[in-house]
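Everything below concerns the one structure shown next.
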Amino acid sequence: MMDERAAWLTQGKGTTPSLRWSFSTEAPLIALDLARETGEILAADISGGLYLLDRQGQFLHLNRGIKEVQLVHWSDRGKLGVAIYADNNICCFDRDLNVLWAISFSVEALAITMDSYGDYVAVSLASGKTIIIDSQKRKVASFETMRPMSYLEFQVSEPRLIGAAENGLLCCHDLEGNCVWTEKHWSNCGGLALAGDGRRIFLAGFNYGILIFDHEGDSAGTLVFEGTPKVLACDFLGNRIVTATIEQELYWLNQEGKLLWGGAIPDEAIEVACDPFGQWCICGLKSGLVQCLDWSDAI
């Protein structure tokens, strides 16, 4: 008998994925991230639960001591993680989810990310300032932008930080805080994803579809499809993109925007993630249901 939690997958169009595993948090999901090298998943729910799962969806660790978590990031090598909590606080924790240090700011923290090795943390503040900190809590650099950055991602291939404001600004800075390039665009955005070499940058542009930029910030096209992309992720080469829409649809696309699979999801998507090889994705739903959808047998 088919797992009831997988029944929605059979109603989509294209190559139906298999359900590799399912996990449910004890309260509604608030944030989720994937370590691309280890395959571990970090999830947070609204009750203050912080969960670490292995690549098979098996429970590894739980921490209930960080209240009001809003965003999380887990380094690709699974070394360290970071979180924004209670609006204007950030913390760094180890593989056992033990908090190593915390910082409080005088203004709201909007976005947080960590580089693949777990050496640097970047946090964006509502004041328009972005601060880069090392894993020992030492300030490395800071810079200000015309608009506060709502999304941050470190580039894997070289030490650069890509940031996007919700209302039309994309920029790139080095680890010393110097601006490498900045680009305005004509859409609000709901999510940011980078190919590993930074040569393809994807923005969820709502009614404009998925906006694509190259490593210099120049427009490189748009992926347009039915629905309004809300959150998105891509594989390491940027050949596979997964996106969830405001209309509660999930789409698995190739780099040209061709639909490989798409279907209605049973609840609002909080976050999606994609493995480095573009064989499977993670979809985290507001209800707390986290599922791994696998196309490896179809590739």
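The values are calculated or read from the model by the stated rules, or taken from the named source; none is laboratory data. Values in this document were obtained by computation on a predicted structure and should not be read as measured data. We place every Cβ from the backbone using ideal geometry, glycine too, and count neighbours over all the protein chains shown. The protein model used for the area step is the full one, side chains on, heavy atoms only, and it has no ligands, DNA or RNA in it. Shrake-Rupley method; radii C 1.70, N 1.55, O 1.52, S 1.80 Å.
Below are the figures for this structure:
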| read-out | value |
| --- | --- |
| Some residue of the stretch 194-210 being open to solvent by 60 Å² or more (accessible area, probe 1.4 Å), over 27 Å from residue 288 (Cα atoms) and of a type in the set (Phe, Trp, Tyr) | yes |
| Restricting the stretch 258-299 to residues that are touching a strand residue (DSSP E or B) at 6+ places or on another chain (Cβ under 9 Å) and among the β-branched types (Val, Ile, Thr), the residue that is surrounded by the fewest Cβ atoms within 10 Å (Cβ to Cβ) | 265 |
| Whichever residue in the stretch 219-238 is charged (D, E, K, R) and open to solvent by less than 70 Å² (accessible area, probe 1.4 Å) and, among such residues, is nearest to residue 285 (Cα to Cα) | 230 |
| Odd one out for residue 102 among (1) buried (at least 18 other Cβ atoms within 10 Å of the Cβ); (2) in contact with a Cys (Cβ under 9 Å, 6 or more places away or on another chain) | (1) |
| Those residues of the stretch 24-54 which are buried (at least 21 other Cβ atoms within 10 Å of the Cβ), within 16 Å of the chain's Cα centre (by Cα) and not in a strand (DSSP E or B), in sequence order | 35, 36, 40 |
| When residues of the stretch 47-66 are limited to those that are under 16 Å from residue 90 (Cα atoms) and of a type in the set (A, V, I, L, M, F, W, C), the one modelled with the highest pLDDT | 50 |
| Within the stretch 239-256, considering residues that are outside any strand (DSSP E or B) and not polar (S, T, N, Q), the one surrounded by the most Cβ atoms within 10 Å (Cβ to Cβ) | 246 |
| Matching residues, the stretch 276-299, being charged (D, E, K, R) and touching a Lys or Arg at 6+ places or on another chain (Cβ under 9 Å) | 294 |
| Top-ranked residue of the stretch 53-90 - restricted to ones that are in contact with a strand residue (DSSP E or B) (Cβ under 6 Å, 6 or more places away or on another chain) and charged (D, E, K, R), ranked as farthest from residue 156 (Cα to Cα) | 68 |
| Residue 117 vs. criteria under 17 Å from the mean Cα position of the chain (by Cα), open to solvent by less than 60 Å² (accessible area, probe 1.4 Å) and hydroxyl-bearing (Ser, Thr, Tyr) | no |
